[in-house]
Every structure is written in structure tokens, then in C-alpha cells.
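This structure is in C-alpha cells; I'll ask about it shortly.
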Amino acid sequence: MQRGGCAGRARVAAGLAAVLLLCAVALATRPAVADTGTAATAPTLLAPSDSKPPEDTTAWWWKKRYLALYKTISYTAVVLTTDQLWYMAMATQSAASSGYFGVVNLVTSPMLTYGFEYAWQHCCEAPPGPDGVRPVDVKKALIYRVVSTSRILVMALAFGNDIGSSLLVTGAIAVTRTFVYMGNDYVWNAITAQAPAIKWPTMLGPAETGY
């Protein structure tokens, strides 16, 4: 009976991972369509036929898709560890399900973070301040926190924890992740505001272009 319960929780967790994967893919791919040539045809109705959109001179390693990846790696490297410690310390079913929680969290957290970061860069990113550094966006942190906290709560409940224990674990993880998320944004905003721009080392060959 207990083995069947564990299998049922594993199936629920796998379903959650699949749903979040689809959401992350949708967030990451939908904005990319807006950057293709087809999306740029609307302004040409009001512009001369020989007009061209401004060229993006950003070095390829700071392009949106790569920056979102860097931020995801540095952020999840910290919070996956703290999430696991909180779960093992507070969850009533930690002895039986901490392994499942760790695996599902390892898969779904980076997917959600990358998809959100990449989509935000395209739709809602704040402009740099006078010093060239983008400010830490509190609205962005709050929106991400709501989505990520919901994910943690669903996972805790799916692995058999009672509502009180699930809320306690979720709250502890939410507080930790909020500080780490905003600190991660602050550091990367400072790094990407370096001026003059870092040049690609010539010894490594020609720099790639593209997104």
C-alpha cells in the first residue's frame, strides 16, 4: 500500500514536471517569434522602403538567451541546495520523499527560471539607469515569486505532506529564494553594465554572431 502511494506521488510529480516544461518552453519560444523578420514588417508601413532596424551590436555572449542561462545557473546553484535543506528539516514526509522532491525540483526549477528570465527580457525589462546599470525590479521578483512558490506548494502537497507542513516549507523556501533572486539580479545587472564593453579575445577566433 505504501509502495503504491509513493508511486502515485511520483506520477503526480512527473505530471507537474511535464506541465512546467511546457510552460517554460512556451515562455522561451513565444517572445523569440517577435524578434524574427516577420514581426518587424509592421513598422515598415510607416517608414521608407529602404529603412532598416537598428543593428544589435551586443556581444554574442551577452545575448538574451545566454544571459538568461547564466542567471539561471547561478541562481539555481544556490536555491536547489537551500530548498532541499528546508524540505528535509520541516516536511513531515521528508524521510520518505526528500529524494523525489530533490529530483523534481532539480528538473522544474531551472526550466521555470530560464523561461521566465528569457520572456521578461523581451517584454518587461526595465531600462538602465543613469550609471548604465539596470535597477533590481521588485515587480519582476514578486511575479516570479508567486509562480515559483505555487510550484513548491504543489510539490510539497503531492509528496504527502499535510497542509501545515507544506505551508511551512513553502514559506521558508520563498523567503530564502526571494533574497537569492534579487541578489542574483543585482550582481548580473552590474556585470552586464560594464563599460567599455568586454571584447572577444582574438586568440579564440572570430566571435559568433546571432542570438
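The values are calculated or read from the model by the stated rules, or taken from the named source; none is laboratory data. This one's a predicted model, so the numbers in the text were calculated from it and none came from an experiment. Cβ sites come from the backbone with ideal geometry, for glycine too, and all protein chains shown count toward neighbours.
Return a yes/no flag: does the range 111-124 have any residue that is outside any helix (DSSP H, G or I), at negative phi and not hydroxyl-bearing (Ser, Thr, Tyr).
The answer is yes, given that some residue of the range 111-124 is outside any helix (DSSP H, G or I), at negative phi and not hydroxyl-bearing (Ser, Thr, Tyr).
Further question on the same structure: If Lys71 satisfies all but one of (1) within 25 Å of Ala119 (Cβ to Cβ); (2) modelled with pLDDT of 95 or more; (3) out of contact with any Ser or Thr (no Cβ under 7 Å at 6 or more places or on another chain), what's the number of the condition it fails?
(2)
Next question, about the same structure. In the list Val138, Val169, Val133, Val180, which residue meets the criterion of being surrounded by 14 or more Cβ atoms within 10 Å (Cβ to Cβ) and either of a type outside the set (A, V, I, L, M) or at pLDDT below 95 (or both)? Working first, answer last.
Working: Val138 fails: surrounded by 14 or more Cβ atoms within 10 Å (Cβ to Cβ); Val169 fails: either of a type outside the set (A, V, I, L, M) or at pLDDT below 95 (or both); Val180 fails: either of a type outside the set (A, V, I, L, M) or at pLDDT below 95 (or both).
The unique qualifying residue is Val133.
Criterion first (of a type outside the set (Asp, Glu) and closer than 21 Å to Tyr70 by Cα) does Ser166 satisfy it?
Considered against the rule, which asks whether it is of a type outside the set (Asp, Glu) and closer than 21 Å to Tyr70 by Cα, Ser166 comes out as no.
Take Thr113 and decide whether it is within 13 Å of the chain's Cα centre (by Cα), surrounded by 14 or more Cβ atoms within 10 Å (Cβ to Cβ) and polar (S, T, N, Q).
yes
Within the range 147-157, is there a residue that is over 22 Å from the mean Cα position of the chain (by Cα), among the hydrophobic types (A, V, I, L, M, F, W, C), under 19 Å from Phe101 (Cα atoms) and not in a helix (DSSP H, G or I)? Please lay out each step first, then the result.
As a first pass, look at the range 147-157 and keep what is over 22 Å from the mean Cα position of the chain (by Cα): 157.
Among the residues that remain, those that are also among the hydrophobic types (A, V, I, L, M, F, W, C) are: 157.
Checking the rest, the ones that are also under 19 Å from Phe101 (Cα atoms) come to 157.
Next, only the ones that are not in a helix (DSSP H, G or I) stay: none.
No, the range 147-157 contains no residue that is over 22 Å from the mean Cα position of the chain (by Cα), among the hydrophobic types (A, V, I, L, M, F, W, C), under 19 Å from Phe101 (Cα atoms) and not in a helix (DSSP H, G or I).
Scan the range 94-103 and give yes if some residue there is at pLDDT 65 or above, in contact with a helix residue (DSSP H, G or I) (Cβ under 6 Å, 6 or more places away or on another chain) and in a loop (DSSP other than H, G, I, E, B), otherwise no.
No, every residue in the range 94-103 fails to be at pLDDT 65 or above, in contact with a helix residue (DSSP H, G or I) (Cβ under 6 Å, 6 or more places away or on another chain) and in a loop (DSSP other than H, G, I, E, B).
Here's something else I'd like to know. What is the residue count in the range 150-166 for residues that are surrounded by fewer than 22 Cβ atoms within 10 Å (Cβ to Cβ) and either under 14 Å from Met88 (Cα atoms) or β-branched (Val, Ile, Thr) (or both)?
The number of residues fulfilling the criteria is 4.
I'd like to check something: does the range 143-154 contain any residue that is out of contact with any Phe, Trp or Tyr (no Cβ under 7 Å at 6 or more places or on another chain), basic (Lys, Arg) and closer than 17 Å to Thr108 by Cβ?
Yes - at least one qualifying residue is present in the range 143-154.
May I pose another question? Check Thr57 against each of (1) modelled with pLDDT under 95; (2) among the polar types (S, T, N, Q); (3) assigned to a helix (DSSP H, G or I) and name the one condition it does not meet.
(3)
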